[in-house]
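Values in this text are rule-based calculations from the coordinates and carry no lab data. Remember, predicted model here, so these are calculated numbers, not experimental data. FYI the Cβ positions are ideal-geometry reconstructions off the backbone, even for glycines, and counts take in every protein chain you see.
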Amino acid sequence: MIRALFLTGLLVLPGMAVAQILLTPEEIQQTLSHGPWPPQLPPDASNRASGRPDAVALGRAMFSAPVLSANGQMACASCHDPGQHFTDGLPRAEGATRLDRNTPSLFNLPLHRWFGWAGDSDNLWAQSLLPILNADEMAQTPEGLKSTLQASPLAEPFETVFGPLNRQTPTAVLVNTGKALAAYQETLITGRTAFDRFRDALQAGDLARAGRYPAAAQRGLKTFLGRGRCNVCHSGPAFTNGEFHDAGLSYFITETRVDSGRHGGLAALLRSPFTLDSAHSDDPRRSGAWAVRRVRRTHADFGTFRVPGLRGAAHTAPYMHNGSLPDLAAVVRHYNGIDPERLHTDGEAILAPIGLSEEDIADLVFFLETLSNAR
């Protein structure tokens, strides 16, 4: 039926106004793959606190609590500001000098398999521990964390969720803190957008309602799906394949310091005591452990970074792992004129100059903004 309705790009039904649909039937099917939204996700089997309201409340309180840091002055919210879409608005995080990376948003994390720009963790609760332990961030120790929590107002809600603090080892307290933080972060899901209303109208066959989606956004979507090939990496409902790719950016932080990306992230992952294959997982089947068991480092991993989801992206400038691109137009221009010489010779052959006009660029940015309710 959909195919029959696309005559000159206009839908005309008896008694209805003309609705303009610019997508081909094939493009409609591709569009449907980016939903539905929001996703229906089961609790994380590796985290017994996942989905528990009391754990979510504890994690929310911990997220803003500077007591998690050794000096009592830094909280998770210090860098992941809820008022700034859980980012800090800076090109590179202040005080977190381990790799001088851009602070990513915390929205839609439950859809990921790997966490962090380089995939240092294979689960959200383990990723939540990294800034607590990192010497350039919260600089906490398991022993210090246990002592601090016991003396804080968080002790009572912590014990409600996880049991008496004095019966837990410092490492157990640390892991349980990560699991409470993860339980809260799992609730951070972006809302429905203009794109979702368009996508759902197409799925329902309501092309008149779908026709309300602006023509500029539809043109941008066609570029996203077609010439731009953006959906090769930015796929699925969250607009990310969750994997690692070379974006054609410099690996150098300074003249003498290099960010190895996924190559270094895999080294950290493989030596981590907090993976899905560890005794700290609450999943007796270790159902997600296959990934960390099988993954291996290769030279092609050097300088690759996890593909960010595009939902809410209009609110999280600047962009890329190093915060080097100030706005969405700059991101599109980067890929539009990308230099293939900057890409790995032994890596993927995905990216190539696209040749978009200024109007094409504006349309693609317009489309991306509809993934953030910025349009």
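Quick notes on this one:
- Highest-MSF residue in the chain out of G35, G163, G59 [GNM, Cα springs under 10 Å]: G163
- Alpha-carbon centroids, the range 263-298 and the range 60-125: separation in whole Å: 21
- Counted charge near T87, where neighbours are those whose Cβ lies closer than 13 Å (Asp, Glu -1; Lys, Arg +1): -1
- Dimensionless Rg/Rh of the chain - Kirkwood Rh, Rg from C-alpha atoms: 1.01
- Principal axis extents of the C-alpha atoms in the range 235-303 (largest first, rounded to whole Å): 46, 31, 17.
- Loop-located trypsin sites (Lys or Arg not before Pro) in the range 222-318, at most 12 other Cβ atoms within 10 Å (DSSP): R257, R285, R296
- Long-range amide H partners of G261 with built H, under 5 Å: G303
- Compactness index (Cα Rg / 2.2 N^0.38 Å), the range 53-185: 0.99
- When peptides 198-205, 182-189, 248-255 are sorted by average Cβ neighbour count within 10 Å, with the highest value leading, the order is 182-189, 198-205, 248-255.
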